[in-house]
Every structure is written in structure tokens, then in C-alpha cells.
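What follows is a single structure, written as C-alpha cells, with notes after it.
The values are calculated or read from the model by the stated rules, or taken from the named source; none is laboratory data. Bear in mind the structure is a predicted one, so any value in this text is a computation, not a measurement. Using ideal geometry, Cβ is built from the backbone for each residue, glycine included, and neighbour counts are taken over all protein chains shown.
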Amino acid sequence: MAMDDQAENVAENANAWTAEELEQIEQGIMDEEVFAARIFAQLEAAPALLTREQVELIEDEIRRDSWQRAALIFCTSTGKDLCRKIERDRDFAILAAQVKNSLTAVKERYEQLTELLSTVDVRIMLALCGRKDMEAVLAEAE
């Protein structure tokens with residue numbers, strides 16, 4: 001699917017996979033060194049994922065996210081305690097429902113953050129592959 005997206009964007013990105021390259025990849029016949037060279041070319045041409053200002057905004061939003069904090073506080077209750085509190089206290093039940101309703105947006109934000117972090121993970125790993133001592137660097141980082 002991602003390769004389909006890239007095939008459509010070839011005109012927009014000179015480093016995008018060509019239709020011929022995509023076919024070779026799908027058939028498993030692309031030369032490994034050509035594949036590696038193309039991956040590095042794409043990585044080196046890739047723009048920054050975020051600006052420093054965007055990083056600050058994301059971090060500030062996480063720090064101020066009261067719904068996420070409330071959801072985490074609910075994690076400290078046992079299932080039994082949660083059920084009893086909701087059964088006995090209507091105001092608490094409404095608060096719990098508000099937290100529950102907010103979780104869709106909270107989860108979406110964290111899913112987007114997870115995708116972003118996964119992209120960074122791949123970028124770093126690919127960049128490390130360019131080092132002859134990559135394995136030693138990875139081992140030392142442990």
C-alpha cells in the first residue's frame with residue numbers, strides 16, 4: 001500500500017521508487033546494493049519530520065492533557081472499585097463517562113505519535129546501517 005502511494009507521487013519526488021523498481025521489489029529481484037543505495041538516497045532527501053516549535057507544542061500538549069491524566073488515574077482503581085464508585089456516585093459516573101468519551105481523541109493523538117516515533121526508529125536504523133561499525137555502535141548503546 002505504501003509503495004502504491006509512492007508510485008503515485010513519483011512526479012512529486014525525484015527520489016521516489018520508479019514503477020520498474022517497485023516491480024523489481026515486489027518480485028524480489030532488485031539487486032541488494034541498488035536497493036540499499038536507493039533507500040539511502042531517499043533517506044538523505046527526506047525532509048525533517050517536525051520543526052522544533054512543533055516538538056515544543058506536542059510536548060506541551062502532552063503535559064497539559066488532563067483527559068490523558070484522568071484516564072491514567074482511573075488505572076489505579078481495581079475493576080471492582082471502579083464499578084462500585086460508578087454505581088454509587090452519579091457525579092463520579094458522569095466524570096467517568098466524560099473521560100471515556102475523551103479517550104477516542106487521546107488514543108488518536110497517541111497513535112499519531114506512535115506512528116511518528118516508528119518513522120524516527122526506521123530513519124535512525126537506516127542511518128546507522130551506513131556505518132561499518134553499526135553492530136558495535138548498537139551494542140555499545142545497550
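Return the residue satisfying two criteria in turn: it lies in the range 75-110 and is in a loop (DSSP other than H, G, I, E, B) and under 28 Å from residue 58 (Cβ atoms), and of such residues it is farthest from the chain's Cα centre (by Cα). Lay out the reasoning, then the answer.
Narrowing the range 75-110 to residues in a loop (DSSP other than H, G, I, E, B): 75-78, 89.
Restricting the remaining residues to those that are under 28 Å from residue 58 (Cβ atoms) gives 75-76.
Values: 75: 24, 76: 27 Å.
Filtering the range 75-110 for residues that are in a loop (DSSP other than H, G, I, E, B) and under 28 Å from residue 58 (Cβ atoms), the one farthest from the chain's Cα centre (by Cα) comes out as 76.
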Considering each residue of the range 50-64, count those that are surrounded by fewer than 10 Cβ atoms within 10 Å (Cβ to Cβ) and not in a helix (DSSP H, G or I), and give that number. 1
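Sort through 45, 97, 93, 37 and tell me the only one that's in contact with a helix residue (DSSP H, G or I) (Cβ under 8 Å, 6 or more places away or on another chain) and surrounded by 10 or more Cβ atoms within 10 Å (Cβ to Cβ). Steps first, please.
Numbers: 45 fails: in contact with a helix residue (DSSP H, G or I) (Cβ under 8 Å, 6 or more places away or on another chain); 97 fails: in contact with a helix residue (DSSP H, G or I) (Cβ under 8 Å, 6 or more places away or on another chain); 37 fails: in contact with a helix residue (DSSP H, G or I) (Cβ under 8 Å, 6 or more places away or on another chain).
After applying the criteria, what remains is 93.
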Please determine whether any residue of the range 118-131 is closer than 30 Å to residue 37 by Cα, over 19 Å from the mean Cα position of the chain (by Cα) and charged (D, E, K, R). yes
Of the residues in the range 37-75, those that are without any contact (Cβ under 8 Å) to a residue 24 or more places away in the chain and among the aromatic types (Phe, Trp, Tyr) number 0
Flag for residue 76 being at pLDDT below 95 and among the β-branched types (Val, Ile, Thr): no
